[in-house]
């Protein structure tokens with residue numbers, strides 16, 4: 001009996017392929033070559049289809065578990081990024097176009113949840129998660145998050161700014177005012193250093209504070 005419909009791989013081979021590709025960034029061309037040495041011959045396109053089926057299966061089976069787990073924590077880091085996605089145009093032509101993904105990271109659970117809502121970067125895509133969230137979430141300065149700065153409308157959601165994104169702005173302003181920009185960069189670096197030392201020492205959140 002096959003573990004996943006349309007996939008002839010057993011659990012060991014599924015684990016191997018996913019680890020190679022997603023943990024070690026091994027391209028499909030190299031994985032296909034490695035599989036051939038194991039006596040399993042297929043082309044890169046076939047492997048891509050199989051991996052897509054595996055990911056779709058895992059996401060479907062684990063969706064409720066992942067969402068429930070990530071919602072248990074009260075501290076999120078959220079960001080959005082773009083990538084090329086294969087889509088069909090109105091004319092029925094398949095093209096790779098720029099679309100957006102969202103990522104929610106719960107550091108305590110060491111879990112990341114990715115959201116794709118037809119490639120949208122609008123508030124509606126992330127709101128379904130944030131409106132039911134209670135706690136603190138860290139973001140960049142993207143304007144859609146600012147609706148949660150209103151304490152009366154959103155008393156349970158508390159947004160904080162991402163220091164990495166803030167630091168980037170000071171790096172970009174080095175030519176304009178080098179000494180002042182470097183002061184902020186150094187101070188943020190000190191905070192990152194403290195954070196690193198706390199993690200290395202295994203301190204709890206209360207101990208850090």
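Structure notes:
- Qualifying residue in segment 119-138 (condition: in contact with a helix residue (DSSP H, G or I) (Cβ under 9 Å, 6 or more places away or on another chain) and within 24 Å of residue 191 (Cα to Cα)): yes
- Remark: pairs (first residue in segment 51-68, free of Cβ contacts under 8 Å to residues at least 60 places away in the same chain; second residue in a helix (DSSP H, G or I) and surrounded by 12 or more Cβ atoms within 10 Å (Cβ to Cβ); Cβ separation under 6 Å; 6+ apart in sequence or on different chains) = 54/14.
- Selected residue (criterion: surrounded by the most Cβ atoms within 10 Å (Cβ to Cβ)) from residues of segment 17-38 that are assigned to a loop (DSSP other than H, G, I, E, B) and out of contact with any helix residue (DSSP H, G or I) (no Cβ under 6 Å at 6 or more places or on another chain): 27
- Sole exception among (1) free of Cβ contacts under 8 Å to residues at least 24 places away in the same chain; (2) touching a strand residue (DSSP E or B) at 6+ places or on another chain (Cβ under 7 Å); (3) under 30 Å from residue 8 (Cα atoms) for residue 30, by number: (2)
- Considering 147, 112, the condition of being in contact with a helix residue (DSSP H, G or I) (Cβ under 8 Å, 6 or more places away or on another chain) and either modelled with pLDDT of 90 or more or exposed (fewer than 15 other Cβ atoms within 10 Å of the Cβ) (or both) is satisfied by 147 alone.
- Taking segment 42-68 as the range and being under 23 Å from residue 136 (Cβ atoms) and in contact with a strand residue (DSSP E or B) (Cβ under 6 Å, 6 or more places away or on another chain) as the test, only 66 passes.
- Qualifying residues in segment 150-160 (those that are out of contact with any helix residue (DSSP H, G or I) (no Cβ under 7 Å at 6 or more places or on another chain) and within 16 Å of residue 135 (Cβ to Cβ)) - the one surrounded by the most Cβ atoms within 10 Å (Cβ to Cβ): 158
The values are calculated or read from the model by the stated rules, or taken from the named source; none is laboratory data. Remember, it's a predicted structure, so these values are computed and weren't measured experimentally. When we count neighbours, we look across all protein chains shown, and the Cβ atoms used for this are built from the backbone with ideal geometry, even at glycine.
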